[in-house]
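Enquirer: The structure under discussion is supplied below as structure tokens; questions concerning it will follow.
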Amino acid sequence: QVQLVESGGGLVQPGGSLRLSCVASGTIFSMNVMGWYRQAPGKVRELVAHITSGGSAYYADSVKGRFTISRDNAKKTVALQMNSLIPEDTAVYYCNADLAPLPGMRFLAYWGQGTQVTVSS
């Protein structure tokens, strides 16, 4: 059973920083793209950033220059460093990973349970 577990959310003032972490556990043969999505109240879930197994990163325009995504393939982790946070960043943040549990199996999308990030003074 594959699980993604996030940590690091919380309440922060505008201009502050938070670091989100996500660790994948269980039977995992191969990992492809890993990333972070977020969903604010009343809005659809949106992609924040993702990173390939080779380290190529993509960022949504709204977070470019403020957020940095990284991963450690050996530890099966992906992190999101969030700087210069603004109230519009308030949302539940979800870890996502495309994983193949066993050899020969196709990649499937897995999701974490979500972690709340609130940016407010």
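Enquirer: Relative contact order (percent) for segment 56-121, with alpha-carbon contacts under 8 angstrom and 6 or more residues of separation?
Expert: On the way: 76 pairs, mean separation 17.5, N = 66.
Reported relative contact order: 27 percent.
Enquirer: Something else now. Give, in nm to one decimal, the length gained when the segment between Ile28 and Arg106 is fully stretched (0.36 nm per residue of separation minus the Cα-Cα distance). Mind showing how you got there, number by number?
Expert: On the way: separation 78, 0.36 × 78 = 28.08 nm, distance 1.18 nm.
Gain on extension, Ile28 to Arg106, equals 26.9 nm.
Enquirer: Please arrange Arg38, Arg45 by accessible surface area, largest first, computed with a 1.4 Å probe and ligands excluded. Each step should come with its number before you reach the end.
Expert: Values: Arg38 15, Arg45 90 Å².
Sorted by accessible area, descending: Arg45, Arg38.
Enquirer: Within the P(r) computed for segment 11-121, what percentage of the Cα pairs occupies the region above 22 Å?
Expert: Numbers: 1866 of 6105 pairs.
Beyond 22 Å sits 31 percent of the P(r) for segment 11-121.
Enquirer: Another question about this same structure. Within the chain, what whole-number % of the accessible surface is contributed by carbon and sulfur, with the 1.4 Å probe and all protein chains included in the calculation?
Expert: Carbon and sulfur: 51 percent of the exposed surface of the chain.
Enquirer: Considering only protein heavy atoms, what per residue accessible area in square angstrom results for the chain with a 1.4 angstrom probe?
Expert: 52 Å²
Enquirer: Averaging sequence separations of C-alpha pairs under 8 Å and six or more residues apart, then dividing by the length of segment 8-121, give the relative contact order as a whole percent. Walk me through the numbers on the way to the answer.
Expert: Values: 260 pairs, mean separation 41.5, N = 114.
In percent, rounded to a whole number, it is 36.
Enquirer: While we're on this one: Under 8 Å for C-alpha pairs, at least 6 residues apart: give me the relative contact order for segment 1-58, rounded to a whole percent.
Expert: Values: 70 pairs, mean separation 14.7, N = 58.
The value is 25 percent.
Enquirer: Let me ask something else. Can you sort Lys76, Lys43, Lys64 by solvent-accessible area, 1.4 Å probe, largest first? Before the final figure, lay out the partial values.
Expert: On the way: Lys76 65, Lys43 140, Lys64 120 Å².
Order by accessible area, largest first: Lys43, Lys64, Lys76.
Enquirer: Among Met82, Met105, Met31, what's the order by accessible area (1.4 angstrom probe), most exposed first?
Expert: Most to least solvent-accessible, the answer reads Met105, Met31, Met82.
The values are calculated or read from the model by the stated rules, or taken from the named source; none is laboratory data. Because the structure is a prediction, the values reported are computed rather than measured. Accessible surface areas use protein heavy atoms only, side chains included; no ligands, DNA or RNA. Shrake-Rupley method; radii C 1.70, N 1.55, O 1.52, S 1.80 Å.
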